[in-house]
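The values are calculated or read from the model by the stated rules, or taken from the named source; none is laboratory data. If you're wondering where the values come from, they're calculated on a predicted model, not measured in any experiment. We place every Cβ from the backbone using ideal geometry, glycine too, and count neighbours over all the protein chains shown. Heavy atoms of the whole protein, side chains included, go into the accessibility calculation; ligands, DNA and RNA do not. Shrake-Rupley method; radii C 1.70, N 1.55, O 1.52, S 1.80 Å.
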Amino acid sequence: MTTTVPFPRRPPEGSGAWERVRSWYESGLGWPTAPGTPVRLHVGVRFDILDVPAEAGHAALRRRAGGFPVALRGERMQLLVAVGGADELPGLLEWLEWGSLALDLRAVGAGGLLDAPLLARSRAVGPSPSPAGHGASQGAAVWLRPPGTGSEVEASLPTLSALGGGGTAPDLARLVHTLATQCHRLRLSRTTR
């Protein structure tokens with residue numbers, strides 16, 4: 001049984017709430033934002049995104065450990081990966097033998113924008129990246145796994161590792177394989193219903 005949860009809301013326009021959100025991303029994380037409201041983050045500068053159906057994303061996260069940032073927006077999940085990960089996706093899918101299937105797995109890289117996910121005030125460290133009472137309101141993305149502050153965020157992002165890697169970041173190829181498997185399972189389950 002699927003539980004319906006209301007969509008989060010955006011902060012009210014003109015309340016200064018967007019400037020608090022922008023300040024947290026720019027000052028707290030060092031992530032560049034696009035001008036205007038709502039606050040949007042430039043993708044391909046500090047991170048890329050893998051975008052999947054939320055159901056497939058949740059299943060993949062249960063199978064893959066890692067403390068990398070993950071956001072949820074409605075029925076879609078955005079997993080932050082190292083810069084360049086979006087460019088690697090088509091080749092990885094081909095190499096993993098998923099290239100011939102239509103998967104609901106998208107990548108967003110350089111030049112893309114991400115609506116800045118909000119963070120509940122109770123989870124914020126320092127300046128709150130969302131106004132009080134707006135972390136779980138209608139229309140906005142929210143963090144399932146929020147990023148930590150500072151430049152150490154990039155070190156936690158899934159990346160292609162040479163020679164098995166030695167860092168703590170999850171391996172991008174394994175993450176993509178897990179996501180592709182879950183997207184395919186979701187597609188099959190929907191066709192058999």
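What the table shows:
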quantity: Euclidean distance of C-alpha centroids, segment 12-67 and segment 98-114, integer Å; calculated: 17
quantity: Trp31 long-range amide H proximity, modeled H, under 5 Å; calculated: Glu26
quantity: Residues whose placed amide H lies under 5 Å from that of Ala107, excluding near-sequence neighbours; calculated: Asp51
quantity: Phi to ³J(HN,Hα) by Karplus 6.51 cos²θ - 1.76 cosθ + 1.60 over segment 44-49, Hz, x for Gly, Pro; calculated: x, 9, 10, 6, 10, 10
quantity: Label-to-label distance, nm, for residues given as Ser23 and Arg145 (7 Å Cα→Cβ offset); calculated: 3.0
quantity: Phi-based couplings in Hz for segment 173-182 (Karplus 6.51, -1.76, 1.60; Gly and Pro marked x); calculated: 4, 5, 5, 4, 4, 5, 5, 4, 4, 5
quantity: Largest to smallest accessible area among Trp95, Trp31 [probe 1.4 Å]; calculated: Trp95, Trp31
quantity: Computed lengthening from Glu97 to Arg63, 0.36 nm per intervening residue step minus Cα-Cα distance; calculated: 10.3 nm
quantity: Amide H contacts under 5 Å for Asp115, placed H, 5+ residues apart; calculated: Leu41
